[in-house]
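Enquirer: Before we start, here is the structure in question, set down as structure tokens.
The values are calculated or read from the model by the stated rules, or taken from the named source; none is laboratory data. Every value quoted in this text rests on a predicted model; they were computed, and no experiment measured them. Every residue, glycine as well, gets a Cβ built from its backbone with ideal geometry; the counts of neighbours run over all protein chains shown. These accessible areas exclude ligands, DNA and RNA; they are computed on the full protein's heavy atoms, side chains included. Shrake-Rupley method; radii C 1.70, N 1.55, O 1.52, S 1.80 Å.
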Amino acid sequence: MNTDNMSILGLTIDYGPFAFLDAYDPAFICNHSDPAGRYAFDEQPRVALWNLMRLAAPLAALVDGAAEPGPKTVRMITDALNQFGPEFRREYLQVMRRRFGLFADHRDDDLEAVIQPYLDLLQEAKTDYIFAMRTLC
């Protein structure tokens with residue numbers, strides 16, 4: 001996902017390159033014009049935050065009705081953007097827990113105890129990511 005592939009709701013509207021991770025590699029770069037890996041698979045959360053920051057800039061001016069937002073607006077937007085990381089992690093863990101059938105009594109260490117080791121195995125075995133996730137269902 002790059003900036004033009006994210007809706008105002010935060011949804012990805014480009015399912016092309018990452019819909020097919022034939023050999024799971026979190027650092028996979030699907031765009032040959034991106035040698036630095038800015039849009040790599042594991043960079044997608046950072047890209048989403050960057051997209052939100054770009055969206056916040058013109059919205060800030062609308063809130064205050066001035067070319068430059070005031071300190072209160074800047075603080076409000078900064079606080080909202082600072083919630084992205086923890087909220088993304090919470091949602092990611094919720095999605096992954098569902099995939100693993102961990103519905104009840106989730107533990108705080110599910111990522112370290114179950115999910116990450118599974119992803120590490122997928123990477124080591126160069127397993128198809130989508131197929132492996134579907135087999136969990």
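Enquirer: Output the residues belonging to the range 89-111 that are open to solvent by less than 60 Å² (accessible area, probe 1.4 Å) and assigned to a helix (DSSP H, G or I).
Expert: Result: Leu93, Val95, Met96, Arg97, Phe100, Asp110, Leu111.
Enquirer: Residue by residue through the range 118-137, note down the ones that are modelled with pLDDT of 90 or more, open to solvent by 50 Å² or more (accessible area, probe 1.4 Å) and among the hydrophobic types (A, V, I, L, M, F, W, C).
Expert: Within the range 118-137, Leu121, Ala125, Phe131 qualify.
Residues checked against (1) closer than 25 Å to Asp25 by Cβ; (2) in contact with a Lys or Arg (Cβ under 6 Å, 6 or more places away or on another chain); (3) open to solvent by 40 Å² or more (accessible area, probe 1.4 Å); (4) among the β-branched types (Val, Ile, Thr):
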| position | (1), (2), (3), (4) |
| --- | --- |
| Gly70 | no, no, no, no |
| Val74 | no, no, yes, yes |
| Glu87 | no, no, yes, no |
| Ala113 | yes, no, yes, no |
| Gln116 | yes, no, yes, no |
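Enquirer: Suppose we filter the range 32-54 for residues that are open to solvent by 60 Å² or more (accessible area, probe 1.4 Å) and closer than 17 Å to Met6 by Cα; how many remain?
Expert: Looking only at that region, the number is 6.
Enquirer: OK, next. Given (1) closer than 21 Å to Ile13 by Cβ; (2) modelled with pLDDT under 90, identify the lone condition not met by Phe100.
Expert: Answer for Phe100: the failing condition is (1).
Enquirer: Quick one: count up the residues across the range 64-79 that are modelled with pLDDT of 90 or more and of a type in the set (Asp, Glu).
Expert: 1
Enquirer: Is one or more of the residues making up the range 43-54 without any contact (Cβ under 8 Å) to a residue 24 or more places away in the chain and closer than 24 Å to Phe131 by Cβ?
Expert: Yes, the range 43-54 contains at least one residue that is without any contact (Cβ under 8 Å) to a residue 24 or more places away in the chain and closer than 24 Å to Phe131 by Cβ.
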